[in-house]
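Taking it in order: structure first as structure tokens, then the write-up.
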Amino acid sequence: MTLSQVAPPAVVPPPAAPAVPAPPVPRAPVPPVRAGRRRMPPPVRLVVQATAALAAVIVLALATVIGAVTVRSDAERLRDTTAHRAAVAAELRFALADLDAQRANQLVPGHAADDPEVSVGNRLLALITAQQRRADVSDLLRQLGGDDAHAAQVRGILDLLGRYDDASGRAAYVDEQHHERPAGRPPAVAVSFSAEAGDIMHARLLPEVATLASAYDAQAVAAAGEARDAAVRSAVTSGALGLTAVVVLLWWQRDLARRYRRVLNPALAAATAAVLGVSLSAVLSFGAAAGDLDAGVRDGLRPWSRLAQARAVAAEAAATQSRWLVNGAEPQQRAELDALDRRLDGLLAPGAYAAADERPAYADVIERHGHFRADDRELVGLMGEGRVDEAAVVLTDIGRGKVGFDFWDFATTLDDLAQDQEADFVARTTAARSALDGRPVVPAVVLGIAAALIVVGVRPRLAEYR
């Protein structure tokens, strides 16, 4: 065997290194599968849009109609019921006080102290005026009788009035039995009955009527505030709902233009214009009504109330003056008269509420009140000197420089000024109601047409899907 024939030893390969597994490749997260958003079918979408527009218009119509009815009703009730009763109560207070003055004046005339054949004073004027005032009182109480809320007070006033009539009637009867007496010196029994009547009038009857008048004044102010607030609320509500309706219609117009390639829907454009017009007019009308009601209270009702009180206090002062003379110039009644005069001065002051063009009228009233005060000072002087006959003439006769004439002149001028303020209040409340003329009919009709236009505007689009 040769060397070449010997097989070479087998070469054993080195052991292979163990295979290292490759790191796993991170896989991107699979997004969740979204459910497809269901689109509203076009016909349904049109119906929903039309319904939303109709609802906005209908709500606006209801708000405008209800607001107009409420404000008109409140203004009318304020003018014709509440404020009227306040005026009646104020007039009742004046009539009662003046009635008492005339009943007292009836006891003043008589004959001259040094000549029984000479008459002093004017009893006829007091009799006629008292008769007229008593008729006025009955009529005014009849007007207040329909108010159930204050029926108990009115019945109380009637009861006190009956007691007053009885006492003053007894005083007049006793005085008539002594017709040949000196002026200013009625019989003691007549003076006693007259004093009883005066106590009933000034301590109970007039305060009761003043309380009733104050209640009506407060009621009128509150009613005016409620009417003004209702007008403001209606203005805000109408403006907000109108803006909402306009936005809905404009959004719908834009959606239709985008989806149906039409620039404008004429019917919806007309409906939008109608809604916008009604909304703007409602805001302006309700705002004007609120302004008129506020001005009516500020420039009319409150000044009138002060002047009506002044007129009643003036009549009460005149009655106290007459009773002061009949009762022999008692110091207590003079103190009451001075207190009434001071109160009257405060009520007659124009204050900040009087406009510049009204101040001359206030000055005129104050000047005429000065004449009445001058007559009173003359009475005090005459009674202090014991000149009763002349005092009786100053108190009861007719003519300038006499209490009867100067008080009538002052009270009439004051009443004219008060009526001017009352007329201003009535004019303002009438203007507030007139600001809503045509409502609720016109807005309801216009918005009804707008609703019809919405239906007309959507019908062609719905017809395309038939």
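May I ask you to rank Met201, Met383, Met40 by accessible area, largest first, using a 1.4 Å probe over the protein chains only? Spell out each step's value before the answer.
On the way: Met201 0, Met383 35, Met40 95 Å².
So, going from the largest accessible area down, we get Met40, Met383, Met201.
Could you compute the longest span of the chain free of GluC sites (Glu not before Pro) located in DSSP loops and having at most 12 other Cβ atoms within 10 Å, not counting the site residues?
On the way: sites that count: Glu180, Glu385, Glu464.
The longest uninterrupted stretch comes out as 181-384.
Express the relative contact order of the range 375-465 as a whole percentage, based on alpha carbon pairs under 8 Å and six or more residues apart in sequence. Before the final figure, lay out the partial values.
Values: 32 pairs, mean separation 11.7, N = 91.
Over the range 375-465, the number comes to 13 percent.
How much area per residue is accessible in the range 199-348 when the probe is 1.4 Å and only protein heavy atoms are counted (Å²)?
On the way: 6180 Å² over 150 residues.
Ligands and nucleic acids excluded, the figure is 41 Å² per residue.
How large is the charge dipole for the range 208-287, taken about the Cα centre, if only the Cβ atoms of Lys, Arg (+1) and Asp, Glu (-1) carry charge, to the nearest 20 debye?
Details: 7 positive and 5 negative charges, 210 e Å.
Roughly 1020 debye, rounded to the nearest 20.
Mind jotting down the distance between the C-alpha centroids of the range 360-436 and the range 244-289, whole Å?
Rounded to whole Å, the Cα centres lie 61 Å apart.
Hey, if you put +1 on the Cβ of every Lys and Arg and -1 on every Asp and Glu Cβ in the chain, which of Phe407, Leu249, Leu344 ends up farthest toward the positive end of that dipole?
About the Cα centre, the residue reaching furthest to the positive side is Leu249.
Relative contact order of the chain, please, whole-number percent, based on alpha carbon pairs below 8 angstrom and at least 6 residues apart.
Relative contact order, the chain: 26 percent.
Rounded, prolate or oblate: which fits the range 237-354 when a ≥ b ≥ c are the square roots of the eigenvalues of the alpha-carbon gyration tensor, with rounded for a/c under 1.5 and prolate only if a/b beats b/c? Please list the in-between numbers first.
Numbers: a/c = 8.48, a/b = 7.53, b/c = 1.13.
Cα axes put the range 237-354 in the prolate bin.
Where only protein heavy atoms count, and the probe is 1.4 Å, what is the accessible area per residue for the range 370-466 in Å²?
Numbers: 4570 Å² over 97 residues.
With the other protein chains kept in place, the range 370-466 gives 47 Å² per residue.
For the chain, with the dipole built from +1 on Lys and Arg beta-carbon atoms and -1 on Asp and Glu ones, taken about the Cα centre, which of Gly291, Ser281, His111 lies farthest toward the positive end?
Ser281
How many angstrom lie between the C-alpha centres of the range 320-340 and the range 143-216?
Here the two parts' Cα centres lie 17 Å apart.
Tell me what the chain gives for mean residue ellipticity at 222 nm when only DSSP H runs of n ≥ 4 count, each as -39,500 (n - 2.57), the sum divided by the residue total, rounded to 500 deg cm²/dmol. Walk me through the numbers before you get to the answer.
Working: 13 runs with 338 residues, N = 466.
Theoretical 222 nm ellipticity from helices: -26000 deg cm²/dmol.
Would you mind giving the three semi-axes, in whole Å and largest first, of the ellipsoid equivalent to the range 42-153 according to its Cα gyration tensor? Write out the running numbers ahead of the final one.
Numbers: eigenvalues 913, 25, 11 Å².
Whole-Å semi-axes of the equivalent ellipsoid: 68, 11, 7.
With a 1.4 Å probe and every protein chain left in place, tell me how much accessible area Val221 has, in Å² to the nearest 10.
Surface open to solvent at Val221 totals about 50 Å².
Ordered by residue, what ³J(HN,Hα) values in Hz, to whole numbers, does the range 361-371 give under the Karplus form 6.51 cos²θ - 1.76 cosθ + 1.60, where θ = phi - 60° and Gly and Pro are x?
Working through the residues one at a time gives 5, 5, 4, 5, 4, 5, 5, 5, 5, x, 5 Hz.
Taking amide H positions as placed in the peptide plane 1.01 Å from N, state which residues far from Asn265 in sequence (5 or more) or on other chains have amide H under 5 Å from it.
The answer is none.
Return the loop-located trypsin sites (Lys or Arg not before Pro) in the range 244-283 (DSSP other than H, G, I, E, B) with at most 15 other Cβ atoms within 10 Å of their own Cβ; answer none if there are none. Intermediate results must be reported in sequence, preceding the final value.
Working: sites: Arg254, Arg258, Arg259, Arg261, Arg262; in loops: Arg261, Arg262.
Answer by residue number: Arg261, Arg262.
Tally up the carbon and sulfur contribution to the accessible surface of the chain as a whole percent, 1.4 Å probe, everything protein left in place. Walk me through the numbers on the way to the answer.
Working: 14450 of 23930 Å².
Ligands and nucleic acids excluded, carbon and sulfur reach 60 percent.
Please get the size of the charge dipole for the chain, origin at its Cα centre, with Cβ charges of +1 on Lys and Arg and -1 on Asp and Glu, quoted in debye to the nearest 20.
On the way: 50 positive and 55 negative charges, 1211 e Å.
With only Lys, Arg, Asp and Glu charged at Cβ, the dipole is about 5820 debye.
For the chain, restrict the atom set to alpha-carbon positions and state the Rg and Dmax in Å.
44.3, 205
Would you please give the residues with an amide H less than 5 Å from that of His111, counting only those at least 5 places away or on a separate chain, with H modeled from the backbone geometry?
Val120, Arg181, Ala183
Positive end of the charge dipole of the range 89-171 (Lys, Arg +1 and Asp, Glu -1 on Cβ, about the Cα centre): tell me which of Val154, Leu99, Thr129 has its Cα farthest that way.
Among Val154, Leu99, Thr129, the one farthest towards the positive end of the dipole of the range 89-171 is Val154.
How large is ³J(HN,Hα) for each residue in the range 318-332, as worked out from phi by the Karplus curve 6.51 cos²θ - 1.76 cosθ + 1.60 (θ = phi - 60°), to whole Hz, x for Gly and Pro?
5, 5, 5, 4, 5, 5, 4, 6, 4, 7, x, 6, 5, x, 4
Read phi for every residue in the range 123-128 and hand back ³J(HN,Hα) as whole Hz from Karplus 6.51 cos²θ - 1.76 cosθ + 1.60, θ = phi - 60°, with x for Gly and Pro.
7, 4, 4, 5, 5, 5
The values are calculated or read from the model by the stated rules, or taken from the named source; none is laboratory data. Keep in mind it's a predicted model, so treat the numbers as computed, not measured. In this analysis, Cβ positions are derived from the backbone assuming ideal geometry, glycine residues included, and neighbour counts consider all displayed protein chains. These accessible areas exclude ligands, DNA and RNA; they are computed on the full protein's heavy atoms, side chains included. Shrake-Rupley method; radii C 1.70, N 1.55, O 1.52, S 1.80 Å.
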